[in-house]
Each structure stands twice: as C-alpha cells, then as structure tokens.
1. Note down the net charge around G48, summing +1 for each Lys or Arg and -1 for each Asp or Glu among other residues with Cβ under 9 Å from its Cβ.
2. Within straight cross-link reach of K38, meaning Cα distance under 27 Å, which lysines are found once same-chain residues fewer than 8 apart are removed?
3. Given Cα positions, please report Rg to Rh for the stretch 1-103, the hydrodynamic radius being the Kirkwood one.
4. Under a point spin-label approximation (7 Å from Cα along Cα-to-Cβ), what is the I63-N5 distance to one decimal in nm?
5. In whole angstrom, how long is each semi-axis of the equivalent ellipsoid of the stretch 123-248, when you take the square root of 5 times every eigenvalue of its Cα gyration tensor and sort them from largest down?
6. Considering the dipole of the stretch 289-374 built from charges on the beta carbon (Lys and Arg +1, Asp and Glu -1) around the Cα centre, which of I330, G311, G346 is farthest to its positive end?
7. Dipole of the chain, Cα-centred, from +1 at each Lys and Arg C-beta and -1 at each Asp and Glu C-beta, to the nearest 20 debye?
8. So how strong a dipole does the stretch 75-218 carry about its Cα centre when Lys and Arg Cβ are +1 and Asp and Glu Cβ are -1, to the nearest 20 debye?
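The values are calculated or read from the model by the stated rules, or taken from the named source; none is laboratory data. Just so you know, these numbers come straight off a predicted model, no measurement behind them. Reconstructed Cβ throughout: ideal geometry from the backbone, glycine too, with neighbour counts over all protein chains shown. Accessible surface is based on the protein model in full, side chains and every heavy atom, while ligands, DNA and RNA are left aside. Shrake-Rupley method; radii C 1.70, N 1.55, O 1.52, S 1.80 Å.
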Amino acid sequence: MADLNRTALHALHLRLGAKMVPFAGYDMPVQYPAGVLKEHLHTRSVAGLFDVGHMGQVLVTAISGRQADAALALERLVPVDLAGLAEGRQRYGFLTNEAGGIIDDLMIANRGDHFLIVVNASRKTEDLAALRAGLPDCDVAEVPGRGLIALQGPGAEAALARLVPDAPEFAFMDVGIRLWQGVELWISRSGYTGEDGFEISVPDAFAEALAERLLEMPEVAPIGLGARDSLRLEAGLCLYGHDIDEETSPVEAGLSWAIQKIRRTGGARAGGFPGAGRILRELAEGPARKRRGLRPEGRAPMREGVEIYAGEEGGAPIGRVTSGGFGPSIEAPMAMAYLPPDLPEGSTVYGDVRGKRLPARIVPMPFRPATFKR
C-alpha cells in the first residue's frame, strides 16, 4: 500500500475502523464496521458522509480574462451548453474523443471568472492532457491541497445548515463559496447517489476537522465505496471504466439529456466538438446499442461481464452487463447492460450466470426515483 496516494481523511478512516482497498491509485475506505447494507440504507434514510478526495479539481480560466471566452473554448471539447451556463451554476458533461467516445464524465461549474471542473480520479491524467491540448487560449490548473467530501441523503441539508446557515437556499446544481471558521468551502448542491446533498471542497488542512464536525451529528454516518456503488447503481448512474469509456458514445450511454438543443443539429452552436459526426448522427438516427436497465428475476445478481442472450438456449450474445449487484433499497438485484435499442421495456432476456441462463426484465432507469432538490 506504500505506493498508493492518500486523501486528507486517510487517518480518520483508520480511526473509524474502515476496511481500506486500492481504488484509482488511492487507499480508500470500501466500508466501515456497520457494513455496506447499513451504510446504503442510512444514506437513503438520513445522511451519509463520503470521502471523494481522490477526485480531481481543475480550474479553467481564459487567458483573455473573459468568462465568455473560456465557455466557448470549453465547448470545443465538451458537447454541452457552457456559454449559457449562469454564474453560480454547474452542469454535468463529458470530454469526447474524435471517435465520439467518452474520455471522462465531469461536473463543470461557472464561478464567475473561471470554471471549476471535477474529474474522475482514474482519468485525471487523460483529462488534463485533453484540456491542455485543446485549450491553448486558457490556463488549465489542477487545484492542489484541497480535499472533497460528499454529504448525501434527506438529512444532508439540515446537517450542513448547522455549519453553513444558508445551505438550504442552494438549489440543485447551485455552486457557491462559503466560510466555515474562516475557511473557504466550495459547495455544490449535487452528488452521485440519487439523493439530495452537497459536495464540499475544503483545504486539506481542515478536511478532517470538517468531517469530524459533521460526523458528530446524530444523523451523519461515514459511508464507503461499497455503498457509494450500490447507491449510484440504484440511481441508474454511470461509473467510468465500467458503463462508459473511450469507445462508448454519450448517446449509447443514455446521456443524450446532457446535450442541450443549442449544441445539436439545427442549434445555434451545433457540433464543433470531438466526435460530433458520430454523436449528432446517433442523436438523429439512434445508436446501434443502448444502456438499459435490467431486473433479474429471483435473488441472484447479474454482475459486470455477464453475457445477455435473447433466448433461454442457443444464439449469440446480444449484450453484456456493465454494472450489477443487489439494491438494498429496492430489495432486489439490478443491472445495467448494453443491448439492442429496439427491445421494448418489459421484454425478458437471459443472463449467463455460472453457465445457467437466468431471466431478467428490461426496465426503465433509475431503479429507484431520485430525490434531488429541484
């Protein structure tokens, strides 16, 4: 473990009895003594605290100093409307490659005179390379010395409001800077669990104190990567390197909702991003495959790599599970797979689990409705 990076909360995890595992080059908590099931349900019912300090934080500033220039520059790399993103707001997006695949999915915030981009831990190197190569008219700088925590669940607002009194005034996808004991907190009302909540960037030197203060509150419990994965899967959210990658287009991945009309064919700023030919064509004509939700019958989960067939016997695979497991909130197995897009919801397909084909229904996602504060 000596060669693994550590977040600012590493010592706290050990004190809390976390089981640590390597993840994206970091030594990270997969679960605490309560266990994944209880951590998952605690987040859904009250509030969970997640260490996401392994994620990258990147500032993009136009050399001209004009935010409009930075927005249009970023639109050369990201197929979403950033010129229309208001100050104090953030938007989900993705860097695409020339083949129309996804280099990474991102959160992009307009902070007035620059953009703050949060990137996946496993893709920091690739993202920074793409941003620096594609934005010669911008300064691209990784933020040093700041941790990142996520406070998620229906009790998150009340918990954070004890430290940041106007936290309830943040709407979903609002961003802002607030002071806590003289320390700058960069706050967004967002997360990756399907719950209401916040992500908070805090200087490393104060990250442990902030986490401990939140954990003193009766509704807040520490949550590891295991429950983070089951929470995001119930919410129908993609995990980079599993459900999306450099071969997968945003349209195949069911992320077309993140591409605003202004960037599509016929829009005022249509195209102009890497892979626009494929992505705009798939938006118009449909992709050859699409990410779909599956509800396996019975209790046996269909995990990543399970091949999907149209019938109980014979035939070639028609798809493959990219994420799967048991959903504690829905009390049933769930999975996501890339399948032919013309298969109607409610259709039965079959997953090869240890040599036996088991039935699963194609269902809409999310598996559990999101409870974001709109």
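1. 0
2. Result set, ordered by chain and number: K19, K373.
3. 1.10
4. Going from the I63 label point to the N5 one covers 2.7 nm.
5. Value: 27, 21, 14 Å, ordered largest first.
6. Sorting the options by dipole projection puts first I330.
7. Rounded to the nearest 20 debye, it is 620 debye.
8. Using only the charged Cβ atoms, the result is roughly 40 debye.
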